[in-house]
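What follows is a short report on a single structure.
The values are calculated or read from the model by the stated rules, or taken from the named source; none is laboratory data. Everything numeric here is computed off the predicted structure, so don't read it as measured data. Cβ placement follows ideal geometry from the backbone for every residue including glycine, while neighbour counts extend to all protein chains displayed. In case anyone asks, the SASA skips ligands and DNA or RNA and just uses the protein heavy atoms, side chains included. Shrake-Rupley method; radii C 1.70, N 1.55, O 1.52, S 1.80 Å.
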Amino acid sequence: MPPKSMQQRYTSPLEAQRNATKGQTFAMNLTVLRRMDPTIGEVVDMAGHVVVYHFDTRTQAWAKSDVEGSLFLVRRTVHPSHRCIVLNRSGMSNHEMDITPDTLIQPESPYLICRSASSPHVA
């Protein structure tokens, strides 16, 4: 039997993810994302936790939706070439928004407001 210093210790998937580099994290998530959309070519960037809000025109205020989780900006091999995806940890439906020339992206620290012409009341 080799000495303890040469034996490989078991690494759980959670521990491996914690120790992964940004590139390795993108690669792990790319596999999951491609199950949803096989046209995804790469993960451009991600945020560990976001919450999707909807603008309530009746109250003129932003209301928290039931979608929250990791946000991914991905590049696709078809048009539209970029998409934001929130993998929902709070429910079964994820949030997807195509990034097109008519998409408004407005940083309002600590928020990032993203609105499209097709869905102007979601950020």
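Worth pointing out:
- Listed options for Cα extents along the principal axes in Å are (1) 77, 24, 19; (2) 71, 32, 27; (3) 38, 30, 30. The value calculated from this structure is the one marked (2).
- Rounded to 10°, Cα long-axis angle of helix 22-36 versus longest principal axis of the chain: 60 degrees
- Whole-percent carbon and sulfur share, accessible surface of the chain, 1.4 Å: 56 percent
- Over the chain, accessible surface divided per residue gives 69 Å², non-protein components excluded, 1.4 Å probe.
- Mean Cα-pair separation over length for region 9-123, i.e. relative contact order, pairs under 8 Å, 6 or more apart, %: 17 percent
- Result for the chain in a Gaussian network model with C-alpha springs under 10 Å: among THR77, THR100, THR59, the largest mean-square fluctuation is at THR59.
- Nearest-10 value in Å² for the accessible area of GLU96, using the 1.4 Å probe: 90 Å²
- Overall, region 56-98 carries a charge dipole of about 120 debye about its Cα centre when +1 sits on the Cβ of Lys and Arg and -1 on the Cβ of Asp and Glu, all other atoms neutral.
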